[in-house]
Amino acid sequence: MKTFGDRENGTQAAENPHGPRMGALEIIWPYIRPQRWALLLAIGLNAFHGFAITFQVFTVGWLVDWVLGKGNLPPDMWRRMLALGIGYFLVSIFGRMLCWHLGYRIFTRVREQMLSALRARFFRQLNALCLRFHVKTSSGELFSYLFGSPLNSIVQFYQHCSVGLAGALTTVFSAVGMLLWTDWILTAILSLTVGLQVFMMDRARRTNRRIHLDFQKLESSVTGTVADLLRGTRAVKLYSMEKAVEGEFGEQIRMISSKSYERDVRVHMEWMKQETIGYAGFALMLAACAWQFSLAKITIGEVSMFLLAFQQLSGPLTIISQAFALWGSAQASIERIGEVLRATSTTPDPAADQMPVPPAGDIEMRDVHFSYDENPVLNGVSLLIPYGQSVALVGPSGSGKSTIAQLLLRLYDPDRGAVLFGGQDLRQCAGSEVRRRFGVVPQDPFIFRTTIRQNLRAADPDADDAAIERACRLANAWEFIEKLPEKLDARVGEGGSTLSGGQRQRLAIARALLANPPVLLFDEATSALDTLSERLIHETMRRVCAGRTTLIIAHRLATVRDCDRILVINNGRVEQDGTFDALFGANGLFKDLVQGQQLQA
Ligand SMILES: Nc1ncnc2c1ncn2[C@@H]1O[C@H](COP(=O)(O)OP(=O)(O)OP(=O)(O)O)[C@@H](O)[C@H]1O
Ligand SMILES: [Mg+2]
């Protein structure tokens, strides 16, 4: 089973066609299983309509031989004609159309139920997967799985089968069976041609699966790149990259268009091969019919029946052949979706004996080692933060402060060592449960494209307007919200693009305060504010932080003066630990950092 582990490039591993693979049927069986009876009924109805088609094929032969009496008109010809006509009509309406339509209805309903189940499961899986997976897989690519060509090709295959695959199979088998009764040589030619075509179809399916897999991989990567380009519109304008970006987009489009040309042409070539076999078989059949008729082995009616059957069978055969081709592409899609569905989180919720996260408690890291990929980021971090303490994490950029925060939140698990909350190892707890104990203002707060109220309620879905206003006032956010014509109902742009950097931060602070969590974690939460606002917020923080643990990651050291304790992080280790005054009094990194900032000021 694949894990998005640290040394493994998840996407590449996912795409390795030589690795242990789970069959497409195995992957989709859980979605088919609940619908199996409905599906069987639909297949039965569809198969039954195939017999009606065979009946239709034989009508011509019966007209010539039975109604028209092989040249000597029988006395009750009109009665026979009437019987054949009525029989034909009834079989067509009830045997063919009604069964076909009812089967199709069931198929279509089942399709929607299976699709919804698969989409929901896929989305749930994306939510359950760890950050390692998401950092490595582009959101555009994941979006394409849910609504793009992988699912579409599965739907296309299913749709094709539900229109008439079962019917096509019964038509072929029943027609061949009935013809065998009439003349075995002609039936042998017919069956040989059919058999050869089916063999070619299966070969084509294998080729197609490969072609489609290649195409889908390319398409996913292009979707990912294009989604990135669109998301980065602001940066593109800022750096006048329009020309370069258009060039890159053009390149991606060219790649995709040449690959789809190649794909479609190769798929068409496979069809051409099958048609050739069909025409050769028909030519042989013409000669054999003439030969058998000259030997008086078959009647004119039977000749017409065979020739018509050959022609008529090309319809069901095309349906079967296309099903093979479409299965090739659906199989590729299912396998790709399956890779994501089977990917495991590197921070899994414990299945058995999951421990509850204590409502509040000390935070502890014991000799934690951690790396995102090859390079170690944390090299043995040990710290103990008693409940209620306010602690600042400071240190040079890239030293590992945000990483420590992510491990405390169980967004990642340590490679070695342990992270504990209230004495509980986080690996024994559900990640979402852990994060509920924290009010977090990250370095780059994400603002959803919805109203300000909905954005704030992300922290507490039940919060009423009074509570929201209180949190906003504490975060100094109310003053700008109040000025908006629609106040809390104002909608913000994608990623908070209609707000200033400082407004976004204040909104994120209000969001963190709203949930009233036992631990507040601020990662550069006030870096985008002017000094006055920053001071105001730190004053309120001191008020609201009483009685809970506060972790503040800050570059501006003046803002952490009043913290109970300061941890200086350097090269993935805790280098110094003490109060502001004690650390400033001693020689070391902290003193250098403070003096550096005083020089700047
Ligand atoms: N998702 C990631 N994948 C790979 N490497 C990462 C990832 N996130 C961070 N790093 C690396 O880990 C190291 C520590 O990063 P971290 O974000 O913890 O630093 P920081 O102390 O918070 O820095 P800053 O003060 O600039 O925010 C950096 O070298 C960074 O390049
Ligand atoms: Mg950081």
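Miscellaneous remarks
- P(r), alpha carbons of segment 363-600 - 5 Å bins starting at zero, rounded %: 1, 6, 14, 18, 19, 16, 13, 8, 4, 1, 0
- Each part reduced to its alpha carbon centroid, segment 402-479 and segment 516-585 end up 17 Å apart.
- The orientation-averaged projection of the convex hull spanning the C-alpha atoms of segment 480-555 amounts to 5.6 square nanometres.
- With Cα atoms defining each centre, segment 239-297 and segment 148-169 are spaced 19 Å apart in the structure.
- Quarter of the Cα convex hull surface for segment 369-414, i.e. its orientation-mean projected area (nm²): 3.6
- Quotient of C-alpha Rg and 2.2 N^0.38 Å, computed over segment 167-325: 1.66
- Rg ratio (alpha-carbon, reference 2.2 N^0.38 Å) - the chain: 1.41
- Segment 309-364-segment 175-194 distance, computed between alpha-carbon centres (Å): 41
- Percent of beta bridges antiparallel (DSSP, segment 363-600, rounded to nearest 5): 55
- Kirkwood hydrodynamic radius of segment 273-366, from the reciprocal of the average inverse Cα-Cα distance over all distinct pairs: 19.8 Å.
- Of the residues SER345, TRP37, LEU98, the one whose Cα sits farthest towards the positive end of the charge dipole of the chain is LEU98 (charges of +1 on Lys and Arg Cβ, -1 on Asp and Glu Cβ, taken about the Cα centre).
- Values of log10 I(q)/I(0), in the order q = 0.12 Å⁻¹, for segment 31-187 under a Debye, Cα-only, solvent-free model: -0.70
- Ranked by the mean number of other Cβ atoms within 10 Å per residue, highest first, peptides 542-551, 218-227 order as 218-227, 542-551.
- Value at 222 nm in deg cm²/dmol, rounded to 500, when DSSP H runs of n ≥ 4 in the chain each add -39,500 (n - 2.57): -20500 deg cm²/dmol
- Percent of beta bridges antiparallel (DSSP, the chain, rounded to nearest 5): 55
- Dimensionless Rg ratio for segment 299-441, taking C-alpha atoms and the 2.2 N^0.38 Å reference: 2.04
- Compared with the dominant Cα axis of the chain, that is its longest principal axis, helix 184-231 is turned about 20°.
Here, each number is a calculation from the coordinates, and none is a lab measurement. Keep in mind that this is a model prediction, so the values were computed, not measured. Every residue, glycine among them, receives a Cβ derived from its backbone with ideal geometry; neighbour counts consider all protein chains shown.
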